[in-house]
1. Just to be sure before I move on: is A:Val132 within 9 Å of chain B (Cβ to nearest Cβ), β-branched (Val, Ile, Thr), out of contact with any Asp or Glu (no Cβ under 7 Å at 6 or more places or on another chain) and part of a helix (DSSP H, G or I) in the structure I sent?
2. Identify all residues within the range B:341-380 that are part of a helix (DSSP H, G or I) and at the interface with another protein chain (Cβ under 10 Å from one of its Cβ atoms); write none if there are none.
3. Which one of the conditions (1) modelled with pLDDT under 85; (2) in contact with a Phe, Trp or Tyr (Cβ under 6 Å, 6 or more places away or on another chain) does B:Leu344 fail to meet, given that it meets all the rest?
4. B:Arg129 versus (1) part of a loop (DSSP other than H, G, I, E, B); (2) under 22 Å from the mean Cα position of the chain (by Cα): which is the lone unmet condition?
5. Tell me which residues, restricted to the range B:375-418, are at pLDDT 85 or above, more than 22 Å from the chain's Cα centre (by Cα) and of a type in the set (Val, Ile, Thr).
6. Any idea which of (1) more than 12 Å from every other protein chain (Cβ to nearest Cβ); (2) closer than 25 Å to B:Val172 by Cα; (3) surrounded by fewer than 24 Cβ atoms within 10 Å (Cβ to Cβ) is the one B:Val431 doesn't satisfy?
7. On the given criteria, is A:Ala148 at the interface with another protein chain (Cβ under 9 Å from one of its Cβ atoms), more than 26 Å from B:Leu36 (Cβ to Cβ) and more than 23 Å from the chain's Cα centre (by Cα)?
8. Every residue in the range B:434-452 that is of a type outside the set (Ser, Thr, Tyr) and surrounded by fewer than 16 Cβ atoms within 10 Å (Cβ to Cβ), please.
Amino acid sequence: MKISDTLVGVGFVGGGALVFAATLTYPPMDGGHPGPALFPRIIATLMAGFGGLVAVRGVRARDATQEVAWRELFRNPGFINALFVLAGGGAYITLADWLGFLLTGTLVLFVLMWRLAVPPLRAGVVAVALTVVVHGLFAKVLRVPLPAGLLWW
Amino acid sequence: MLASWKVLAVIAVCSAYGLFVGAIPGLTATMAAALLLPFTFFMDPLPALVAMVTMSAMAIFAGDIPAALVRIPGTPSSAAYTDDSYALMKQGKAELVLGVDVVTSAIGGLFGAVVLMIAAPLLAEVALRFTSFEYFWLAALGLSATVMIASTAPLKAGLALLVGLLFSTVGVDITLGYPRFTFGVTELLNGVNFIPAMIGLFGVSEVLRNMGSARLNLPVATVRAEAIFRGVARTLWRYKVNMARSGVVGVFVGILPGAGADIAAWIAYAISRRFSREPEKFGKGAIEPIVDAGTANNACLAGDWVPALVFGIPGDSITAIVIGVLFMKGLRPGPMVFEQQPQLIYAVYISFIIANLLMVPLGYLAIKASSTMLRVPRNILMPAILLFCIVGSFAINNSPFDVGLMLAMGILGYFFEANGIPVAPIVLGMVLGPILEQNFMVSMIKTNWDVIQFFSRPAALILGFLTIATWLIPLAPIFRARGAPAT
């Protein structure tokens, strides 16, 4: 996910501006002294300043990284693997309450290991075993109320 | 207090955990600390501190193992001498390298622990007299040092620090109780939850990076464990001055806020080359830099705890994580802890001593098992780590929101590292931000917004001067060029 320093710098300048704008509605303290807005505004200003310097440095170095990176990004299996990781986390958030931790955890592990070329049988066995171990550690030892879902134990 | 079976079990388990994580390339000591967080959250403060100290000491040593065997440092603190370690392994001296690694790590760690035990109480006496002015400048100095001194890319480190400071402003502000950057989300009223954020930044981002790597399994050399300590005593006696010097370097770097074991190792390596009689051998299979840097990085660990215990200012990202956990338990590291809860301080001291004494026998076992550890299939390890990250984040508040926060932080960490923006300053910003803002606002309010008062006390004046001097470091080359005589 490498992009040019110019884009990174511009992104931070924009971010700083957004943060500053968000503080415009914050109330001042008694006597008109700055209150909740002070620190975020200092941070926003410095962020825009540092971002600007990074952007200028990127322009001077004629950094053309983003031209190469974007074109090849979706052809990169490593990037696709990373998307699978994020999808795994997203799957937990959306499915865990319905399916429960044991089923969701097993599913996420199995899909990720399958994606990384682990043979399906081994992936299935390891996914089940690992999920049961993690469940035992957190739910039984640390007494974390993991969602039961379709399995009631 | 450390003799209870519970604490001894924590030491044993965390030693094994630290050795395992440190020995696997791609899994850093900071990541190990982040993954340990959910467990320490459920522990009492004393075993939580013992767990972190033991784990980090073992992990920093264990990073030397893959550095020698596969030329990939297990943790960044081993990067400085990876080339020398691997070259010596190719010459058939893997056992000597690993033996020197484990013994210098133990010696460096013990030296650092002794300095910690002497320096911390002395500094605590000074810190008792500190007011909001001194604490403000101390936090500012820590943040400035992180960016200007401890980083090779100050601009980008500064950006990361500012992101961390911004995260620290999320939630209810300390002056008017006004909600900042919560966007109507109830879970954000108490701020960005520290544990899922750390797990995301250091755990999930590493998983994303490793899953994106083409090389998932590593070819590994085998080590003859029975020969590990052969020749070590002779080597260390030959370089005894180096060890003493590097121990001092490591501790001083550790005391500097934001500078961790990796910085200590590089500085010790550079000093070693500067004073060596055979500098041309460095990088090609010299044992001397391994002695120096191996001592310095473990000595630095104890040094990191000096500002953390005395002032609540983290010395590195691991102590930043520990301080965050202590805050969550309602404990505020600082001089009052020395008076009100000295058992926690003694627990840190004794943990360092025990961990470094155990390092030699446990390190021997880790070296013996290194071939097996390094062959753990990463295509199983990475999904397993992700599951731990998900459950660890969920466990804090039983909230899926925290899992989402973890993922968002993971993406942020992954993107930052891919673009050369270090992630560690984010942690420092999140931990020091509240200290900085609170002490600034308290100082301003009590002096009726008179900024001059920030320099009114001698200690505040010195700390303020040091902070401003740190900001001027980037301008030093300009002044030097102007001062140079024309040719």
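The values are calculated or read from the model by the stated rules, or taken from the named source; none is laboratory data. Worth saying up front: this structure is predicted, and the values here are computed from it rather than measured. Positions of Cβ are backbone-derived with ideal geometry, glycine not excepted, and every protein chain shown enters the neighbour counts.
1. no
2. B:Arg378, B:Asn379, B:Ile380
3. Exception for B:Leu344: condition (2).
4. If we test B:Arg129 against (1) part of a loop (DSSP other than H, G, I, E, B); (2) under 22 Å from the mean Cα position of the chain (by Cα), just (2) comes out false.
5. Passing the criteria: B:Ile380, B:Ile390, B:Val391, B:Val403.
6. Answer for B:Val431: the failing condition is (3).
7. In short, no.
8. Of the range B:434-452, the ones of a type outside the set (Ser, Thr, Tyr) are B:434-442, B:444-446, B:448-452.
The answer is B:Ile445, B:Lys446, B:Asn448, B:Trp449, B:Asp450, B:Val451, B:Ile452.
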